[in-house]
């Protein structure tokens, strides 16, 4: 079994997709994991697979009190974690012209941005005192330019990147590292409804392996896979008039409201 210096880990959104793949990786390499997610029954399945190694906390990352209680419990049982991964996230198509999409905007911003804040906050003082620990925020290449039909998601991930950078600077020299990871397309339920090509798409296990390497290196900013980093670099440097012309008719991710009505 491959050894890792990460002995204790907290991860949100651990019940499926990328979060589950990351949790499994660390569990298979001997770590003890605090698994946070709304679907408690799926967390129990993970716990049954790795008896005695998983602490399950069924909660919503929008609930700061619940996250604080989970953090207090895990620290009491295992000590200050080596790594906290704020992975919980949602994605849905949104269009500002529809009043019914306002709730979707609110949910995306609350989970994708404030969810990171609420996941990290309970651990920072303890990590500072220990002068040790890594905070990992999962952003997205969708943050590099505003994508049509995904305005809430693009905005939330751009905000997440700026927040994580601010936090990294705030914690400089404290012994606590902040790692920002921007995945491209990953095969998960979140991407299964996308009605457009998804270049360089990775399965969750492959993406998790690459993210683990970035976390081990404590890389300040990483795009996975690297090919999407090149795509993102090109997109960021396109002049606005050309970007607008190229993406004005791009297919949109289905809106939540439209899916509910279908």
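The values are calculated or read from the model by the stated rules, or taken from the named source; none is laboratory data. In this text, all values refer to a predicted model and were calculated from it rather than measured experimentally. Note that we place each Cβ from the backbone using ideal geometry, even for glycine, and neighbour counts take in every protein chain shown.
What the table shows:
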{"item": "Given (1) more than 21 Å from residue 136 (Cα to Cα); (2) in contact with a strand residue (DSSP E or B) (Cβ under 7 Å, 6 or more places away or on another chain); (3) surrounded by fewer than 18 Cβ atoms within 10 Å (Cβ to Cβ), number of the condition residue 104 does not satisfy", "result": "(3)"}
{"item": "Matching residues, region 203-227, being surrounded by 13 or more Cβ atoms within 10 Å (Cβ to Cβ) and farther than 17 Å from residue 23 by Cα", "result": "219, 220, 221, 222, 223, 224, 225"}
{"item": "Qualifying positions in region 21-54 - crowded, with 18+ Cβ neighbours inside 10 Å and touching a helix residue (DSSP H, G or I) at 6+ places or on another chain (Cβ under 7 Å)", "result": "21, 22, 23, 25, 32, 33, 34, 35, 36, 37, 46, 54"}
{"item": "Region 10-23, subset in contact (Cβ under 8 Å) with a residue 60 or more places away in the chain and assigned to a helix (DSSP H, G or I), residue farthest from residue 79 (Cα to Cα)", "result": "17"}
{"item": "Test: residue in region 234-247 that is within 26 Å of residue 24 (Cα to Cα) and surrounded by 12 or more Cβ atoms within 10 Å (Cβ to Cβ)", "result": "no"}
{"item": "Residue ID - farthest from the chain's Cα centre (by Cα), chosen from residues in region 157-170 that are under 14 Å from residue 121 (Cβ atoms) and buried (at least 18 other Cβ atoms within 10 Å of the Cβ)", "result": "167"}
{"item": "In region 122-171, the residues that are in contact (Cβ under 8 Å) with a residue 60 or more places away in the chain, at negative phi and in a loop (DSSP other than H, G, I, E, B)", "result": "144, 145, 147, 148"}
{"item": "Region 90-106, residues that are touching a residue at least 12 places away in the same chain (Cβ under 8 Å), more than 24 Å from residue 215 (Cβ to Cβ) and not in a helix (DSSP H, G or I)", "result": "92, 93, 94, 95, 96, 98"}
{"item": "Within region 81-138, tally of residues that are within 26 Å of residue 219 (Cα to Cα) and modelled with pLDDT under 95", "result": "3"}
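One line per residue, one yes/no per condition, for (1) assigned to a helix (DSSP H, G or I); (2) touching a strand residue (DSSP E or B) at 6+ places or on another chain (Cβ under 8 Å):
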{"position": "43", "(1), (2)": "yes, yes"}
{"position": "47", "(1), (2)": "yes, yes"}
{"position": "61", "(1), (2)": "no, yes"}
{"position": "67", "(1), (2)": "yes, yes"}
{"position": "72", "(1), (2)": "yes, no"}
{"position": "88", "(1), (2)": "no, yes"}
{"position": "112", "(1), (2)": "yes, no"}
{"position": "118", "(1), (2)": "yes, no"}
